[in-house]
1. State all residues of the stretch 118-135 that are assigned to a loop (DSSP other than H, G, I, E, B), at pLDDT below 95 and closer than 14 Å to residue 74 by Cβ; if no residue qualifies, say none.
2. Need the failing condition index for residue 111 against (1) over 27 Å from residue 13 (Cβ atoms); (2) of a type in the set (D, E, K, R); (3) at pLDDT 90 or above; (4) open to solvent by 20 Å² or more (accessible area, probe 1.4 Å), just the number.
3. Scanning for something under 23 Å from residue 114 (Cα atoms), surrounded by 17 or more Cβ atoms within 10 Å (Cβ to Cβ) and at pLDDT below 75, does the stretch 77-93 turn up at least one residue?
4. Could you figure out which of (1) at pLDDT 90 or above; (2) open to solvent by 50 Å² or more (accessible area, probe 1.4 Å) isn't true of residue 65?
5. Consider the stretch 1-56. How many of its residues are assigned to a helix (DSSP H, G or I) and modelled with pLDDT of 85 or more?
6. In the stretch 102-112, what residues are under 14 Å from the mean Cα position of the chain (by Cα) and small (Gly, Ala, Ser)?
7. Please enumerate the residues belonging to the stretch 118-130 that are open to solvent by 30 Å² or more (accessible area, probe 1.4 Å) and touching a residue at least 12 places away in the same chain (Cβ under 8 Å).
Amino acid sequence: MVGGLSIEAFCESAQGLSEAELSKRYPDPFFLVELFAEVAGEETGTRQIDPDQRRNAFVIAVRKREGANPFGRMVTIGRHSCNDVLIPAGDVSRVHAYVIAHEGGGYAIRDAGSTCGTSLDGVDLESRQSVPLPYGSVVGLASVRMTFLRAPDLLRLATLDKTPAQGNPAA
C-alpha cells in the first residue's frame, strides 16, 4: 500500500472532526481501492465495506506526488512506482489511467491505453477516452475497483453508515 492509508488509519485520523474540519484537513479527493474484493450490498445499490474485505482495501489521495512524473495536472494511476496513485496489482498496466483536475473544478478519468481496460460505473472506456468523474463513481482497472470520494463520504462509507444522507456522528 505504497502512499496509501489503511481504512482504519484514515478513520483514526478523522475521529472527532466535523465534516467541515475533515474537508479542510483532506481537501483532495480519495480513491477507496479494493483489490480483488466484493462489496456488501452492491445488488441493492448501497455501498458498504464488508469488514471481512478490509484487509484488501486501502485509501489513497488523488493528487500529484512530488517528483513522480512530469504530467502536469494529470494524476497518473498504475502499478509502476512513477505513478501518483500506485496500485499493486499485476493486471493493472504500468500507467493505466489518468485523473485530470479541471481548473474550474471537477475531474475526469482517462484510460491511458491500458492492456486490461478501464471502466466507469461498469461502462468500459475506449482506449484514451476521457469522461467526467463525479464523486461516488466506481472506476475499474482490470480486477481492481476504486471508488472516487470526498473525505466525509469516505468516512461514512468506512464506518458502515447505511444512511449517509442523514449524517454520521463520527463526521
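The values are calculated or read from the model by the stated rules, or taken from the named source; none is laboratory data. All values derive from a computational prediction rather than experimental measurement. Note: ideal-geometry Cβ built from the backbone for every residue, glycine included; neighbour counts use all protein chains shown. With ligands, DNA and RNA removed, areas are computed over all heavy atoms of the protein, side chains included. Shrake-Rupley method; radii C 1.70, N 1.55, O 1.52, S 1.80 Å.
1. Correct list: 128 only.
2. Answer for residue 111: the failing condition is (4).
3. No, that holds for no residue.
4. Every listed condition holds for residue 65 apart from (1).
5. Step one: filter the stretch 1-56 for residues assigned to a helix (DSSP H, G or I), giving 7-14, 19-25, 42-44, 51-56.
So of that shortlist, the ones also modelled with pLDDT of 85 or more come out as 7-14, 19-25.
Here the count works out to 15.
6. 108
7. Our first condition is that a residue be open to solvent by 30 Å² or more (accessible area, probe 1.4 Å); within the stretch 118-130, this holds for 121-124, 126-130.
Passing the criteria: 121, 122, 126, 127, 128, 129, 130.
Here's the yes/no breakdown for (1) at pLDDT 95 or above; (2) surrounded by fewer than 18 Cβ atoms within 10 Å (Cβ to Cβ); (3) small (Gly, Ala, Ser); (4) over 29 Å from residue 11 (Cβ atoms):
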{"position": "61", "(1), (2), (3), (4)": "no, no, yes, no"}
{"position": "75", "(1), (2), (3), (4)": "no, no, no, no"}
{"position": "116", "(1), (2), (3), (4)": "no, yes, no, yes"}
{"position": "137", "(1), (2), (3), (4)": "yes, yes, yes, no"}
